[in-house]
Amino acid sequence: MSVKYGILTLLYQKKHHGYELKLELDSLFGIKGKINPGQIYTTLDRLIRDQLVSSAGMDDQERKLYELTPKGKDELEKWLLEPVPYTTTKEDFFFKWSCARKINFAQEKKMLEQQKAVVIKEVMELTKLKTELLLQGDESKYLLITGILLHLEADLNWINQVENRIH
Amino acid sequence: MIKVSNLTKEFLQGQERTRVLKGVDLNIKKGEFVAIMGPSGSGKSTLLQLMGGLDVPTAGDIQIDGKYLNKMSEKERTIFRRQKLGFVFQNYQLLPTLTVEENIAFPLHADGKLTKEKNRVIQELIQAVGLEGLHRKRANLLSGGQQQRVAIARALVNSPTVLLADEPTGNLDRANAEEILRLLTVFHRENRQTIVMVTHDIFAAGFADRIILFRDGGIDQVVSREEGDYAKYLANFMA
């Protein structure tokens, strides 16, 4: 996840002070308290240096506000329009599996079974979460989870295909 | 609740005996939602048919609620099935010329005429599966998703202790499949029925508490639900 583009996204909407950015980033990334405030300030310094963000005075409580520059806006829009290559832990598994094939690893079947169990567990957890999100009416997160599930389904189909060829 | 021991089923194909189930052992707890997955011909549907008393095993036992299905007479099995089990099939198996409410009421006729109470249950089920206003519509005029909702209501009308579903979403598109599974999940949460569902679709199986993977007539792997760190998935996905 990118703190840089998270900040640019938040400032695209309105000016924020540092602590507001931290709270909004936690919510944007869906993980509470995981982003180090220090990381936010160093990223802000870098964004200011690169002229993507600038200082916008103080708010009524004397907190420093930040805003997006036109260059920052362009940068964010460019990033948003760039397709993202799909990378998760499964890429590591593809690599590991390729290594196993390279050495004719005797326990390939076990590797596949274990990986399959991991994928299925993730599907079960995410299906439960998806149902809850739907009941809560959180359409965006529901669709995101559906996206992850489609990837997991593809992974599982691939593992099944490899297994069917071994058996 | 459901106890399957050393369950074996052979079919005679010409001169050749094919062993479809090879001594399966399986316990399913009361109120558990179990999905059985596996490639075609792995024996998963045969297992469901034996659990539903629709066929008899070559060897081994099936107990439901302490009763041995394989030791019952044909007639006893039929009565047991009607009182304790509900079925949902891939191709819905509705009576096409009967209306929605007539199809749902169908299993009740065997036990005599429809009482006021039973009629109330039917109306409640029609509402619960989201088919209000379609009471009098003939089954053959409904969409696939609607037909499967009728089939679920029919399966539940007798308040069965076990619901057996064979590829319940196999003929449906993803949106309709999801709706059917959402309904099953809601009923499962409310009534704590034991559900055994055979499916080849991981999207459907994901709703279960436990997924049993079949291969070559036996259990290959069992995967149980664990409470996960959901936020982790979202974070990884957006990495």
Exposed loop sites here are GluC sites (Glu not before Pro) in DSSP loop states with at most 15 other C-beta atoms within 10 Å. What is the longest stretch of chain B lacking them? B:1-131
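Is the C-alpha gyration tensor of the range A:3-80 telling us rounded, prolate or oblate? Criteria: a/c under 1.5 is rounded; beyond that, a/b larger than b/c is prolate, otherwise oblate. The partial results should precede the final answer.
Working: a/c = 1.59, a/b = 1.08, b/c = 1.48.
Since a/c reaches 1.5 but b/c is at least a/b, the shape of the range A:3-80 is classed as oblate.
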Rotationally averaged projected area of the range B:54-123 (alpha carbon convex hull; nm²): 6.4
Using just the helices of chain A, give the 222 nm mean residue ellipticity in deg cm²/dmol: DSSP H runs with n ≥ 4 each add -39,500 (n - 2.57), and the total is spread over all residues, rounded to 500. -23500 deg cm²/dmol
Could you tell me how many degrees, from 0 to 90 and to the nearest 10, lie between the Cα long axis of helix A:139-166 and the main elongation axis, the longest principal axis, of the Cα atoms of chain A? 30
Separation between the A:His167 and A:Lys71 pseudo-spin-labels, each 7 Å from Cα along Cα→Cβ, expressed in nm? 6.0
Share of Cα-Cα pairs in the range B:1-93 beyond 16 Å, whole percent, is 57
Computed on protein heavy atoms with a 1.4 Å probe, what is the summed buried accessible area for the chain pair B and A, in Å² to the nearest 100? 3400
Please work out the average accessible area per residue across chain A, using the 1.4 Å probe convention, and give it in Å². 60
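Filter the cross-link list A:Lys78/A:Lys130; B:Lys71/B:Lys113; A:Lys15/A:Lys73; A:Lys109/A:Lys141; A:Lys15/A:Lys130 down to pairs whose alpha-carbon distance in this structure exceeds 24 Å.
Correct reply: A:Lys78/A:Lys130; B:Lys71/B:Lys113; A:Lys109/A:Lys141; A:Lys15/A:Lys130.
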If I fit a long axis through the Cα atoms of helix A:37-49 and take the longest principal axis of the Cα atoms of chain A, what angle between them do I get, 0 to 90°, rounded to 10? 70
Given a cut-off of under 8 Å on Cα pairs at least six residues apart, what relative contact order in percent is computed for chain B? 28
Exactly which trypsin sites (Lys or Arg not before Pro) in the range B:1-43 are in a DSSP loop and have at most 16 other Cβ atoms within 10 Å? B:Lys29, B:Lys30
For B:Gln221 and B:Lys116 in the same chain, what is the full-extension length gain: residue separation times 0.36 nm, less their Cα-Cα distance, in nm? 33.1 nm
Starting from the amide H of A:Ala56, placed 1.01 Å from N in the peptide plane, find each other amide H under 5 Å away whose residue is 5 or more places distant or on another chain. A:Leu65, A:Tyr66, A:Glu67
What does the extension gain come out to for A:Ser98 and A:Leu23, with contour length at 0.36 nm per residue minus their alpha carbon separation? 22.8 nm
Let me know the volume per residue of the alpha-carbon convex hull for chain B, in Å³. 155
Starting from 0 in steps of 5 Å, tell me what percent of the Cα-Cα pairs of the range B:106-232 lands in each bin. 2, 9, 18, 20, 19, 14, 9, 6, 3, 1, 0, 0
Please list the non-local residues whose amide H lies under 5 Å from the amide H of B:Phe214, H modeled 1.01 Å from N, same-chain partners needing a gap of 5 or more. B:Met37, B:Gly38, B:Asp220
Nearest 10 degrees, 0 to 90: helix A:3-13 Cα axis against chain A principal axis: 50
Under the definition of Cα pairs under 8 Å and six or more residues apart, what whole-number percent is the relative contact order of the range A:89-166? 33
Local electrostatic count at B:Glu10 - Lys and Arg +1, Asp and Glu -1, tallied over other residues with Cβ under 9 Å: +3
Along principal axes, Cα extents of the protein assembly as shown, largest first, whole Å: 85, 63, 35
Could you tell me which of rounded, prolate or oblate describes the range A:89-166, using a ≥ b ≥ c as the square roots of the eigenvalues of the alpha-carbon gyration tensor, with rounded for a/c under 1.5 and, failing that, prolate when a/b is larger than b/c and oblate otherwise? prolate
Whole-angstrom gap from the range A:88-167 to the range A:45-72, using each part's C-alpha centre: 42
Accessible area of B:Arg82 in the full protein assembly, 1.4 Å probe (Å², nearest 10): 80
Trypsin sites (Lys or Arg not before Pro) in the range B:120-161 lying in a DSSP loop, each with at most 12 other Cβ atoms within 10 Å of its Cβ, come to B:Arg136
Peptide-level mean, for B:220-226, of C-beta atoms on other protein chains within 10 Å: 5
Once amide H atoms are built 1.01 Å from N in the peptide plane, which residues 5 or more positions from B:Ala165, or in another chain, come under 5 Å H to H? B:Val88, B:Val196, B:Met197, B:Val198
For peptide B:203-211, how many partner chain Cβ atoms fall within 10 Å of a residue's Cβ, on average? 5
Helix-derived [θ] at 222 nm for chain B: sum -39500 (n - 2.57) over DSSP H runs of at least 4, divide by residue count, nearest 500? -10500 deg cm²/dmol
What shape does chain A have by the C-alpha gyration tensor, where a ≥ b ≥ c are the square roots of the eigenvalues, rounded means a/c under 1.5, and otherwise prolate means a/b greater than b/c and oblate the rest? prolate
Set of the range B:150-167 residues, backbone N closer than 12 Å to the point 7 Å along the Cα-Cβ line of B:Lys67: B:161-162
Mind checking the dipole of the range B:135-222: about its Cα centre, +1 per Lys or Arg Cβ, -1 per Asp or Glu Cβ, Debye to the nearest 20? 540
So, with a 1.4 angstrom probe, what is the percent of accessible area on the range A:3-80 that is carbon and sulfur? 52
Karplus couplings for the range B:138-149 from phi (6.51 cos²θ - 1.76 cosθ + 1.60, θ = phi - 60°), rounded to Hz, Gly and Pro as x? 6, 4, 6, 9, 8, 6, x, x, 5, 4, 5, 5
For the range A:56-67, Karplus-derived ³J(HN,Hα) couplings (6.51, -1.76, 1.60; θ = phi - 60°; whole Hz; x for glycine and proline) come out as 10, x, 10, 8, 5, 9, 6, 9, 5, 9, 10, 9
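The values are calculated or read from the model by the stated rules, or taken from the named source; none is laboratory data. Predicted model only: the values in this text are computed from it and were never measured. Quick reminder, even Gly has a Cβ in these numbers, built from the backbone with ideal geometry, and neighbours come from all protein chains shown. Only protein heavy atoms, including side chains, enter the accessible area calculation; ligands, DNA and RNA are left aside. Shrake-Rupley method; radii C 1.70, N 1.55, O 1.52, S 1.80 Å.
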